[in-house]
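The structure appears below as structure tokens.
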Amino acid sequence: MTKAEASVRIEKLRTEIDRYRYEYHVLDRLEISEAALDALKHELYRLEHQYPDLITPDSPTQRVAGTVGKGFKKVSHETPMLSLEDVFSRDEAEEWLGRVRKVRPNADLSLFAEIKMDGLALSVIYEDGALVRGTTRGDGRVGEDVTMNVRTIESLPLRLRTSSDAEIGRFLKKHRGKLDEGKVRRALTSHAGRIEVRGECYMLRTRLEELNRILKKRGEAVLANPRNAAAGAIRQLDPAVAAERELSFLGWQLLGDFGTTTHEQAHAMMALLGIPTNALNRVCRNLDVVEAFMDEVGKKREDLPYQIDGIVVNMDDDVLFRSLGVVGKTPRAAVAWKFAAEQGTTVVRDIVVSVGRTGTLTPVAVMDPVRLAGTTVTHATLHNEDEIKRLGLKIGDTVIVEKAGDVIPKVIQVLPKLRTGEEKSFRMPSTCPMCGSSVRRKEGEVAVVCTNRRCFAQELAKLLHFTGRSALDIRGIGDKIAEQLLQQGLVHELADLFSLTPDDLLGLEGFAEVSSKKLVDEIQVHRTVPLDRFVNGLGIRHIGEETSRDLADAFGTFESLRSASKEELLAVEGVGDIVADAMAEYFGDERESGRVDRLLEALTVESRKKKAPGPLTGTMWVLTGTMEAVSREEAKEKVRALGGTVSETVSKKTTYVVVGADPGSKADKAKKLGVEILDEKMFLKRIGHPSA
């Protein structure tokens, strides 16, 4: 190929690669495969290598260029990059909007809500369409010049895209009468002068997983989370390192007078220029719509491919936005409505001990109230005495406490530098705090257990567990009612539930004729129970939902399970010595065995049909982390339907560990044991999922 021919081919390749980049990063589609796109890039690279004088700064091959820097130059922002005021509830959002109404009582307060990415804010400047500078936010007035690293972000165009007449026509038609058509057309076609785009640099969850696998193989430290990974990548002195991180970018502000009059128009214009924006962003006519959007985003938060921490709510009208001005370092016309914090700090005022259904004593921290994940938290589990020692926790300590979703709050870290000297050490009691009986700790176990099987706390916990959602699912029996049933002698053991009459309940607080009959009817409806729920409902130590299901699948009937030998139990996938011994101890106990007999007289336990062999028969699976295409529960059900067994713990018996986003310690244990690890794509392929 002659140089003249190469010049023509290079220009065509650049044009097509830029078009495909726009399709992929802005329109979220790609009409060719990624492998084909890589092949085009490779051809361009070879031609430019052959004719280096044909290389231009905006060529797709020039994302990584230059040498390792000695530091970053400070750059002043022509327009400060302001912070946002945070709100955490509808009430706080109303207060913000109320302050705006006081300043502009007659204004149209139409809002624009956009996803608040949990990444690193960047300013990207184009001159005559070409990317010339990328800068961090810094202190809002002065940032760092990270242009060489910004150029490695594949989703950012090195040269702004020129829109077609048809695209411009559709945009102008949609917003006719609400913008300056001449300015819009010039900006979208000529790109003359300076165009500044601000947005968020971030790392996809899947990319972080891939990167951490690479770093582990090299023996390097893994990255904590996508946000830290993105921030660290942008501040790398070597652009090749930044390129390896494969960062992404979404625009959220267009600076300059380009004929638009609303935030919505600016976002649409950025997309036409080739800057990706978040497709979830939308105009909201009032706070009711914003709140609904917040709820919608919150539900899909964990399924998104990137981390977010809320939404940003702006006045959609640009003139109104500017006229409202700045309060301190925040614009009056926008707030960040954040999801309720999942971590906070508080002070542990006491440590109390609760007694569970198996007699296990669990220390619980009593804390100053702290708002976490939308709820006020005053108690957090400390699990056991060993965990308290590991944390180094004392009564009076300032701690970091965490609550994610419906997970029980827990103390994750002590802040010893905030101690006053008045803190007190904690010791587990030598007697049960509920019944005064002695406690014991089995050799090799962390649990301290009450020796009195008639302990009221145990009976209460057993009753609540048996009637709970994972067992019989009898609605209407909460803590207070269960306590009354036991205290009044109406229920001595689980079988007594099914002998209750409406008259028995009339003497209890809060019960009248209608409510008494309703609860008795609810109990009677549950006289037939599936085998796995019955086994789980018995509350045998070390046996939860998954193991109960495995045992039901293996033995089919309760009689077969009850009479099984230890060897037969150990033959079940997911059952080890601890579970087998717990089963033998429970069924071998004369008192517990009698209770089960009486329960079987009151109930019908449905047999379980043995599963027909499937393609996954004989395999045991552990799933960890967040999955994108399916929920964890859907994935488990699919494995079971195909004949596989699902376990919550990784052991030598585990066949596969499926790793989603933020997998935790199970993946590490799998590596130590040599268990095969599958990512989500590999897993979906194994189970024949349509998205594989």
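Quick notes
- Cα convex hull volume per residue for the stretch 282-422 (Å³): 174
- Tail beyond 40 Å, pair distance distribution of the chain (Cα, percent): 48
- Lysines with Cα under 23 Å of K173, excluding same-chain neighbours fewer than 8 positions away: K183
- Shape of the stretch 343-441, Cα gyration tensor, a/c cut at 1.5: oblate
- Environment charge of V675, counting only residues whose C-beta is closer than 13 Å and scoring Lys/Arg +1, Asp/Glu -1: +4
- Isolated Cys residues of the chain, judged by Cβ distance under 4.7 Å to other cysteines: C201, C284
- Unit charges on C-beta of K, R, D, E only; dipole of the stretch 33-178, Debye: 460
- Gain on full stretching of the segment that runs from R632 to E127 - 0.36 nm per residue minus C-alpha separation: 177.1 nm
- Which of C201, C284 has the fewest Cβ neighbours within 10 Å, and the rest in rising order: C284, C201
- Spin-label zone in the stretch 531-556 - amide nitrogen under 20 Å from a point set 7 Å from the Cα of I408 along the C-beta vector: 536-548
- The residues K417, K183, when put in order of fewest to most other Cβ atoms within 10 Å, stand as K417, K183.
- Counted by neighbouring Cβ atoms within 10 Å, the residues T277, T376 run from fewest to most as T376, T277.
- Angle between the chain longest axis and helix 3-25 axis [Cα atoms, degrees, rounded to 10]: 40
- Efficiency of FRET between E509 and K653 - r from beta-carbon atoms, R0 51 angstrom, step 0.05: 0.55
- Compactness of the stretch 620-686 - radius of gyration and Dmax, Cα, Å: 10.7, 29
- Were the residues from S593 through K329 laid out at 0.36 nm apart, the gain over their Cα-Cα distance would be 88.1 nm.
- Helix-only arithmetic for the chain: the sum of -39500 (n - 2.57) across DSSP H runs with n ≥ 4, divided by the residue total, places the mean residue ellipticity at 222 nm at -11000 deg cm²/dmol.
- Here the simple spin-label model places points 7 Å from the Cα toward Cβ, and for A279 and I214 these points are separated by 2.6 nm.
- Mean projected area of the convex hull spanned by the Cα atoms of the stretch 456-526, taken over all viewing directions: 4.1 nm².
Only the coordinates and a few stated rules stand behind these numbers; no lab work does. From a predicted model like this one, the values you see are computed outputs, not experimental measurements. Virtual Cβ from ideal backbone geometry, glycine too; neighbours counted across all protein chains shown.
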